[in-house]
1. Which of the residues that make up region 18-43 are without any contact (Cβ under 8 Å) to a residue 12 or more places away in the chain and open to solvent by 50 Å² or more (accessible area, probe 1.4 Å)?
2. Report yes if residue 61 is under 19 Å from residue 12 (Cα atoms), surrounded by 12 or more Cβ atoms within 10 Å (Cβ to Cβ) and modelled with pLDDT under 85, otherwise no.
3. Failed condition for residue 15, given (1) open to solvent by 90 Å² or more (accessible area, probe 1.4 Å); (2) touching a Leu at 6+ places or on another chain (Cβ under 7 Å), with all others met?
Amino acid sequence: KEKCNLIITYRVEKEKAEEIGSKCEKLGSKVMVIKLDVTDDKNIKTALAKMKNIDILINNAGTAITNPFHKATTGDIETQLRINVEGLFKLTHACLKKDISMVINNLQTQYHDTKCNHKGWKLIQHK
């Protein structure tokens, strides 16, 4: 088991991020918890400025339309695309400028109206 320096980000649920951080600290890791909106370029830049180096990025930000898709609003769809696609691209792009070793993208698509849930994991080795 290797001890890591971790940066745990959250957008809304600060308490959960801090709880996970505390568990990691008990295992010997050094942890920093940062609020991050992956759709906001300035927020990404500010958060990354706090990070000396990044060994592994785990892209796990995501949202889903919880109503049946045919009842979704244009705003629901735009929010989902901004967070799940644009945010993933922007954060990964910004991190690649910091000589990152590995990116893990947790891709999740949910179809609530068909009662189907598909999760996909994609691992990309940068170096």
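The values are calculated or read from the model by the stated rules, or taken from the named source; none is laboratory data. Fair warning: this is a prediction, and the values are worked out from it, not measured in the lab. When we count neighbours, we look across all protein chains shown, and the Cβ atoms used for this are built from the backbone with ideal geometry, even at glycine. Surface areas here come from the heavy atoms of the whole protein model, side chains and all, with no ligands, DNA or RNA. Shrake-Rupley method; radii C 1.70, N 1.55, O 1.52, S 1.80 Å.
1. Across region 18-43, the qualifying residues are 19, 22, 23, 25, 26, 40, 42.
2. yes
3. Against the list (1) open to solvent by 90 Å² or more (accessible area, probe 1.4 Å); (2) touching a Leu at 6+ places or on another chain (Cβ under 7 Å), residue 15 comes up short only on (2).
Each row is one residue, and each column tells you yes or no for (1) in contact (Cβ under 8 Å) with a residue 24 or more places away in the chain; (2) among the small types (Gly, Ala, Ser); (3) closer than 14 Å to residue 98 by Cα; (4) in contact with a helix residue (DSSP H, G or I) (Cβ under 6 Å, 6 or more places away or on another chain).
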| position | (1), (2), (3), (4) |
| --- | --- |
| 50 | yes, no, yes, no |
| 56 | yes, no, yes, no |
| 59 | yes, no, no, yes |
| 67 | yes, no, no, no |
| 70 | yes, no, no, no |
| 76 | no, no, no, no |
